[in-house]
Amino acid sequence: MLHGEDLHDYSKEEDDLGKIYDRVLIKRLYAYMKPYRRQVVLILFLNLGSTCGQLAGPLLMRYGIDRYIKVGSLDGLSGIALLMILAMLADMVFSYFEEYRLQMLGQRVMYDLRMGIFSHLQKMEVGFFDRNPVGRLMTRVMGDVQVLNELFTSGVITIFTILIKIVGIMVIMLYMNWKLALAMFTVLPIIFGATTVYQIYSRRAFRDQRKHLARINAFLQENIVGMTTVQLFAQERRNFLKFDQRNQAYLQAGLRSVFYFSIFFPLIEVAGSLGTAIIVWYGGVQSLKGMLTFGDLVAFIQFSQRLFWPIRELSEQYTIFQSAMASSERIFDLLDKQPAIVNADKPKGLEAMKGEIEFQNVWFAYEDDNYVLRDISFKVNPGETVAIVGQTGSGKTSIINLLCRFYEINRGRILIDGVEIRDLRLYDLRRAISIVQQNIFLFSDTVDNNLRLGADDITPDQAVAAAKHVHLDPFVQKMPDGYATEVKEGGSALSVGQKQLVAFARALAFNPDILILDEATSSVDTETEGLIQDGIKRLMANRTSIVVAHRLSTIRNADKILVMHRGKIREIGTHTELLQRQGIYYRLYQLQYKGQEIA
């Protein structure tokens with residue numbers, strides 16, 4: 001859940017992304033292109049062929065004018081025309097294969113980048129997802145990566161190939177007439193100045209766009225998931241206004257980027273027209289004085305057009321480049337966040353886990369020094385069933401989170417079979433534990449896949465057997481496709497009780513060494529609860545079990561009960577012992593069963 005302070009930190013983080021130089025970003029992006037170096041070389045080769053075809057046209061026209069048209073000779077003119085057609089066809093063929101290979105390269109790089117981000121997200125600790133809304137992360141994986149797709153397919157390599165064309169044209173113009181070329185090049189400082197200013201302001205606008213889009217996605221995701229609550233409390237109008245605020249901010253950022261581009265692109269057009277005017281004026285004077293042939297003048301005009309075409313294209317690519325740089329900043333900012341919970345340098349393994357659990361003087365706080373657990377110490381022997389009870393906020397679920405190492409403790413130690421959990425491989429630790437929670441999450445998949453979760457070591461028959469143990473099988477058999485039935489998003493096709501039966505069957509299918517029931521039957525109706533009690537007994541048999549319970553009647557037979565109050569263990573004992581002490585547990589029991597006989 002995202003709290004007010006977390007939202008503040010999130011906004012601050014979005015606003016304060018560090019300034020990363022473009023060359024650093026390009027260097028990191030290049031790492032994703034290294035596996036496709038041959039493709040890049042091929043694209044550059046194709047671009048070179050296309051460039052040669054484009055540059056051949058003006059040179060052939062110059063030759064045809066000065067050699068044949070000017071002297072009134074038609075001999076060889078048809079050959080020049082044929083060569084110009086062949087040059088155009090060569091340009092078309094090379095350009096086609098260049099674009100095709102470029103798009104293929106972009107798609108493959110985006111695939112690798114998405115896989116890299118998803119892999120990184122899977123390594124992040126649970127606390128990271130507490131601080132970052134889902135919509136924001138979705139913007140990273142899909143939105144920002146798609147912007148980078150435009151960079152790879154229309155940006156990095158395209159910019160390089162455009163620069164090749166520009167340099168090639170400038171070299172030819174200098175070779176033909178360096179004075180006229182330098183005169184025309186006087187407009188380039190205008191282009192460089194406009195580009196520098198555009199870079200500064202457009203980057204800010206694109207950053208704001210990505211930031212506000214992430215906020216829109218986060219707000220949208222939260223409201224769609226919570227639509228029932230929104231409508232129940234008639235909050236549609238209020239949420240509409242909130243969304244409008246976020247949408248307006250995104251609109252304004254988009255309008256700013258359009259405004260900057262609307263100024264930048266006409267400046268490039270003006271510079272191109274000014275360059276052509278200089279050629280016509282200065283080149284015309286030289287031609288009248290006999291210092292420049294008419295063919296050279298025509299070729300210069302054509303080369304200037306071919307020079308400013310790629311410069312115009314470069315200005316468009318520069319817009320994509322600036323947007324992509326803003327997105328890459330955010331992607332690499334995410335990838336640079338290192339998981340707070342990782343394996344030890346030399347992790348230990350447990351060949352046969354017994355299931356002994358021990359907390360030694362454990363202190364834990366989700367934020368700063370606001371401790372939710374204070375000096376917690378207890379021991380669970382192999383095969384024991386230990387229950388944890390207490391009022392809401394007493395720290396019951398936090399104990400479970402720490403045992404699974406979803407969060408790191410601040411002080412103390414947690415041991416399993418005498419080995420500190422920080423020394424165990426995360427995979428081994430979590431594979432040995434199964435949790436059945438109050439709020440069950442089911443994937444948009446079949447019943448069978450929700451039971452096995454794709455585990456290769458669990459067969460469909462084992463999944464069915466687990467379902468029968470917890471009395472899920474009769475419900476599944478009534479479904480249209482049995483265990484192949486799609487449960488839809490979040491398990492919406494199942495009732496709350498059926499979803500919890502699926503969770504029990506899933507836990508049994510994975511055959512854990514340690515079983516945790518976290519308020520697992522609190523939302524189950526009496527009839528369904530009666531069906532799964534037998535399954536729970538079988539599930540807990542010969543296993544170390546920890547039961548976080550709200551209904552005290554479900555933990556009467558626990559070997560040991562821990563009574564939590566304000567982050568501390570206040571009482572430990574069996575159901576009967578705790579009632580006889582007439583302490584906190586006794587009062588909790590009286591509140592639940594007021595008017596009934598204490599047993």
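Surface calculation, 1.4 Å probe, protein heavy atoms: ASP333 sits at approximately 50 Å² accessible.
In the complete set of protein chains, residue-level accessible area for ILE69 is approximately 100 Å², probe 1.4 angstrom.
Given a 1.4 Å probe, how much area per residue of the chain is accessible, in Å²?
Heavy-atom accessible area per residue stands at 52 Å².
Over the chain, the fraction of Cα-Cα pairs per 10 Å bin, rounded to whole percents and listed from the shortest bin up, is 3, 12, 17, 18, 15, 11, 8, 7, 5, 3, 1, 0, 0.
If you average 1/r across every pair of different Cα atoms in the stretch 322-435 and take the reciprocal, what Kirkwood value do you get, in Å? Kirkwood radius, the stretch 322-435: 16.1 Å. Given a 1.4 Å probe and the protein chains as shown, PHE129 ends up with an accessible area of around 90 Å².
Among beta bridges identified by DSSP and lying wholly in the chain, the antiparallel ones come to about 50 percent.
Between the C-alpha center of the stretch 455-495 and that of the stretch 557-575 there is a gap of 35 Å.
Relative to the longest principal axis of the Cα atoms of the chain, helix 294-335 runs at roughly 10 degrees. Against the longest alpha carbon principal axis of the chain, how many degrees, from 0 to 90 and to the nearest 10, is the axis of helix 77-123 turned? Long axis of 77-123 versus the principal axis of the chain: about 20 degrees. For the residues PHE206, PHE243, a 1.4 Å probe over the protein chains yields an accessible-area ranking, largest first, of PHE243, PHE206.
Of the listed residues PHE364, PHE441, the order by accessible area with a 1.4 Å probe, largest first, is PHE441, PHE364.
Positive-end ranking of ILE268, LEU472, ILE555 along the dipole of the chain, with charges on Cβ about the Cα centre, is headed by ILE268. Against the main long axis of the alpha-carbon atoms of the chain, helix 22-33 sits at an angle near 80°. Placing ASP112, ASP375 in order of accessible area, with the largest value first and a 1.4 Å probe, yields ASP375, ASP112. Going down the table (LYS165/LYS211; LYS346/LYS560; LYS123/LYS468; LYS354/LYS568; LYS468/LYS488), which pairs top 30 Å between alpha carbons? LYS165/LYS211; LYS346/LYS560; LYS123/LYS468, as the Cα separations exceed 30 Å there. Once every Cα of the stretch 379-453 carries one equal point scatterer and solvent is ignored, give the base-10 log of I(q)/I(0) from the Debye formula at q = 0.11, 0.14, 0.21, 0.22 Å⁻¹, two decimals. Debye intensities relative to I(0), on a log10 scale: -0.38, -0.61, -1.16, -1.22. Between the listed residues THR392, MET124, LEU429, the Cα displaced farthest toward the positive end of the dipole of the chain, a dipole computed from Cβ unit charges relative to the Cα centre, is found at MET124. Relative to its residue count, the stretch 263-369 spans a Cα convex hull of 249 Å³ per residue. Note on the chain: with neighbouring protein chains present and a 1.4 Å probe, carbon and sulfur make up 57 percent of its accessible heavy-atom surface.
Relative to its Kirkwood radius, the Cα radius of gyration of the stretch 195-296 gives an Rg/Rh of 1.45. Taking all Cα pairs closer than 8 Å and separated by 6 or more residues, the relative contact order of the chain comes to 13 percent.
The values are calculated or read from the model by the stated rules, or taken from the named source; none is laboratory data. Not measured: the values here are computed from a predicted model. Here the Cβ is made from the backbone with ideal geometry for all residues, glycine too, and neighbour counts use every protein chain on show. Side chains are part of the model used for accessible areas, which takes the heavy atoms of the whole protein and leaves out ligands, DNA and RNA. Shrake-Rupley method; radii C 1.70, N 1.55, O 1.52, S 1.80 Å.
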